[in-house]
Every structure is written in C-alpha cells, then in structure tokens.
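Remarks on the structure that follows.
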Amino acid sequence: MTTRLFDIQTGFGGVKKGQTTPIALEDCLETMAKLGIAKALVRIIPDAQEVDVCMANDRLFGACAKHPELVPCPIAVPATGRDLPDEDTQVVGFLDHNSGAAVIRPAQDYWQLTPWGSDDLFKAMAGRALPLVCPGGYVSLRDIGAIAGRFPDLPLIATEVGYRDHRTILPLLETFPNVHLSIGNNWTVHRGLEKTIEAIGPEQLLFGTGFPAAEPTMALTQLMYADISDEHRRLIAAGNMERLQNARVIQ
Amino acid sequence: METLLETARQGLPLMNSAVLDLHGHFGRYAQAIPDLTAKGLVGVLDRVGVKSIVVSHMQCISWHASEGNDEVLEATRAHPGRILGYALAFPVFSAAARHELERRLGEGFVGLKLHNSNGIPYNHPGYADALALANERRLPVLLHTWGTQQDFEIVRELAGRYPDCAFLMAHAGAGDGAKRCIQLAGEFEHVYLDTAFSAGPRGLVEELVAGAGAGKVVFGSDCYFFSLTQQIGKVVGSRISDEEKRCILAGNAEAILRRADITPLPIP
C-alpha cells in the first residue's frame, strides 16, 4: 500500500530576489503528482518580496480554492500597528478559507517575538488550535520554546531546522509536546527519525519537503527508507498533520 | 519496468543493491549524530540498496588523522566490502603523510581524503608525497570543496600535476559554484563532481549533468555527517533519465575504483 503523504513545507507563487519568474503553482502541483503527495500545506514562497501580507494571503486563498489538495498557510502578523485586522479577525478569516496553519515572519514584517508585542496573536491562534508555522529563517528554536511554554494549547511547527540542531531540537520536542518538527530541508540527520522516535515517539514529526528550494524527493526518501514501523511512517507522512487539522476549532 | 523513483517511493532497495557511495564518514563530530555505529551505517546501506560506502573519519579536519584511520580500519574489517576506507593524512611532514597513506593502503584502504577546514590548502608541500603516491596508484582523492575561487584554483593545479588520480570535488555546486565545477570537470577527464550537499537545491543535479555529463557526476551522501536516506533522494528524484541516474549512483564509481584495481566484495 502506498503511504499517503501530506507535505507541510512547500509553496509557490513567490519570486526569489534576482529572478524574474515566480515559482508556478503548476510546478508545485506537478511535483506533488510526481511524488504521489496527496495534500500540501502551502505558503507563498519565496516570500522576501511579499510586502503586503493581505495581498499575499488573498492570492494564496484564491489559488487554493481551485485545488482542494492545497491547504493554505497564510501569513499572520500581530495587529500591534493598528494597520491590520485584529488578531481574532485574522484567525477567523484564515479558518474561513480552510487554512491548515498560519506562518509568521517577524523580521520581514517588522515586529518582535516579545510577549507584549505578539501574544495577542498567539492567544487567538491557540484559542482555535490553528497551528503556527515557524520557519528557521525567521524564528529561532529558543523563541519556539518560549512561545510553546506560554501557549501549551498552541501547536507549533518548526520548519527549515538544520541538521546541526539535533542537540537542541530533541529536548525542545521532549519538553514541549505542542512543538512539531518538519523533517524537510534541511534536517538531514543520520538515523534521525529512528532515534527521535525512540526518544519521544512519532507524534511530533511531520513530513515536509522544502519545495521549491530543495529537491523534494530527499524528504521522501528520508521517510521511506527509515527503519521505523509502517504505523509510525503513516503518522509522520500524513496522520499527525491530519490530527492537527481535525483539532482546529472551526465555527 | 519500475523506475528508480517508483522503487524509492515504496522504500525498497535500489538497483539490486548495487549503489556505490564515494563520500561517507565515520566517527564522532561536534554536532550530535545519534547513531555512530558501523552496524547502524550498514543497516542504512541495506535499506537503500547501497553495496559499499567509502568513508573517511570525521578527524579529516584535524591533526588526529591517524587515530581516525584506526577507527575506520576497525569498521572496514567488521564489514568487509560494505564499508571501505579513505585514508587521512595530516601534512606535518610530507614523508610522514605518504607513510601514513602507504600503511593504510596496505591495510585495505582505497583512497585519500583531504579536507581544508584545518586551514591547510591541498597544495601545501606537506601533502605532496601522499598525493604523488595516490597518483602512482591511480587512487580516488576526495577533496572537500565549497565553491570558493581558491578551491577551483587549487583543484586545477592538482589535476594538472597528478593526472592519474581521480579527483572528486565534494559538494559540487555549493557556494553557487556549479558553473565552475562543470568547467573543471570539462577541462580534466579525471575530475569528478560529488553530489553531497545538505540542502540539495532543486535542479542542481540536473545542472551538473547537463553541463558536465552524467559520466562526470558521482553519488556521495556525506553519511553519516548527513543522512544517506535523504541524500539519495536528490539523484533519484532528479529530472534526468534512469540510465543517467544509474551512472551517477554506481557506474562512474565502479569505473573510478576499477582504475585503481579496487573491486568491492559482493554483498555476503
């Protein structure tokens, strides 16, 4: 039986600095078809030129509405500048568009991960169990631990975690059961899946590829060749993310 | 006939377990590597379908080269034919480096690995005698590179001076150096491009193959510094033919080992 895959670290629609062509939605869809990926949590990436989060999110919602296999992961920003809808309104809007998570990028959107500057956002997301995606380029593992400690009901997903971070990611996952790790680019740890499962079980591990930056087959082979049980493989491949999706409070 | 990608999608061993990995490591390193055992490494080879991996010790960046070679020797003897060894040589004295390589070749090592993170360039006089021996024996010489101008200049210099070695440029394409790697591989028949790269940028394998030809690209995982199960994916999933993938995953490495009169043992 083919293992069902839910890619939580992928996207399309953005342009890398110095390039003229965006990553095409069709490219993302073709890659999913080639690798047999059933569902994907998608962001607008590369995102360095996405300076209007409302416009970026609207483009994302528009594309996902036409493709049920795509689950949007919009950009969330604290409403501390009084220039955006308040945090509850943002989160309700995300869920109205069937968002599977929301991503933050503090430096890009000019805010800081201080409790006084961001907790209203995390409180709104925690209240509806909407997972928070924390890309390594924007959110440190230290900050993920701090947020996870303050909001134990908020599922957090660490993406773009480096292979040299194993000494830190393992105790982070152990200490905070609400933190999850994408096994995608750039987490290339020898027997990392096997040993992480031995330490904390499979529930906090999620399949992500790192498309379009990385060759997505790398995450696939890392999962498929891991010496783990089929049950654990299915959880990482899709089951854990589907559990997080089902836990969202959609009213 | 099932494609390599279809085989990998099911998690089944590739190519009747004939893959050769010319860039492996053994031993403890500064970052956490959760399984340092030779048995764990061979288990990974079995699952992916890798016949043999050629490893150097993590001490390749340090002056503890000989101690590292001892640990690799133990692993090669515990798993003959599955784990093969690159000897390390630290260039305190050129004669000593050559002696270390000579001794290790006598113990069954199959090549030489040099790393410049110790701050010593590969054209340092202390390496000259070891490289001369590698040239006499037509050995594979794996050089850590990261796309710097100095890397290319020195590899070009060595390739000109030692025409019978097979020089493997590790991490080909890193540091935005793909075009210069391709250029060097085109200039010298005995310069090959190694695929090990943690991030595995999408399209890089295709670019190397388009520029240098599939016959000049060799599979290296950097395992267990990286995960072999992850690194194999960039070749298997690349948009090139299965025939080209087979060259990269086995054919080219077989030819490189054969020219040095090295025939890995069949899997027991």
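The values are calculated or read from the model by the stated rules, or taken from the named source; none is laboratory data. These figures come from a predicted structure and were not determined experimentally. Virtual Cβ from ideal backbone geometry, glycine too; neighbours counted across all protein chains shown. Note: accessible area is taken over every heavy atom of the protein model, side chains too, but ligands, DNA and RNA are not part of it. Shrake-Rupley method; radii C 1.70, N 1.55, O 1.52, S 1.80 Å.
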query: From the residues in region B:16-41 that are in a helix (DSSP H, G or I) and crowded, with 19+ Cβ neighbours inside 10 Å, which one is nearest to the other protein chains (Cβ to nearest Cβ)?
result: B:41
- prompt: Since residue B:77 meets every condition but one in (1) of a type in the set (Lys, Arg); (2) more than 14 Å from every other protein chain (Cβ to nearest Cβ); (3) surrounded by fewer than 17 Cβ atoms within 10 Å (Cβ to Cβ); (4) within 19 Å of the chain's Cα centre (by Cα), which condition does it not meet?
  reply: (4)
- request: Of the numbered conditions (1) over 25 Å from residue B:227 (Cα atoms); (2) open to solvent by 10 Å² or more (accessible area, probe 1.4 Å), residue A:142 fails exactly one; give the number of that condition.
  value: (1)
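Quick grid of which residues meet (1) open to solvent by 60 Å² or more (accessible area, probe 1.4 Å); (2) under 18 Å from residue B:59 (Cα atoms):
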{"residue": "B:121", "(1), (2)": "no, yes"}
{"residue": "B:136", "(1), (2)": "yes, no"}
{"residue": "B:143", "(1), (2)": "no, yes"}
{"residue": "B:152", "(1), (2)": "no, no"}
{"residue": "B:164", "(1), (2)": "no, no"}
statement: Filtering region A:216-226 down to residues that are in a loop (DSSP other than H, G, I, E, B) and either in contact (Cβ under 8 Å) with a residue 12 or more places away in the chain or open to solvent by 10 Å² or more (accessible area, probe 1.4 Å) (or both) yields A:216, A:226
Residue selected from region A:181-201 under the condition under 22 Å from residue A:155 (Cα atoms) and open to solvent by 10 Å² or more (accessible area, probe 1.4 Å), by the criterion modelled with the lowest pLDDT: A:185
task: Spot the failing condition for residue B:208; the list is (1) more than 14 Å from every other protein chain (Cβ to nearest Cβ); (2) touching a Leu at 6+ places or on another chain (Cβ under 8 Å); (3) assigned to a helix (DSSP H, G or I), and only one is missed.
output: (1)
message: Show me the helices (runs of 4 or more DSSP H) found entirely inside region A:98-195 where at least 1 residues are within 14 Å of chain B (Cβ to nearest Cβ) and touching a residue at least 12 places away in the same chain (Cβ under 8 Å).
response: A:141-150, A:166-175
statement: Of the residues in region B:166-197 that are part of a helix (DSSP H, G or I) and of a type in the set (A, V, I, L, M), the one that is most open to solvent (accessible area, probe 1.4 Å) is B:182
Lone qualifier among B:90, B:109 - being crowded, with 21+ Cβ neighbours inside 10 Å and modelled with pLDDT under 95: B:90
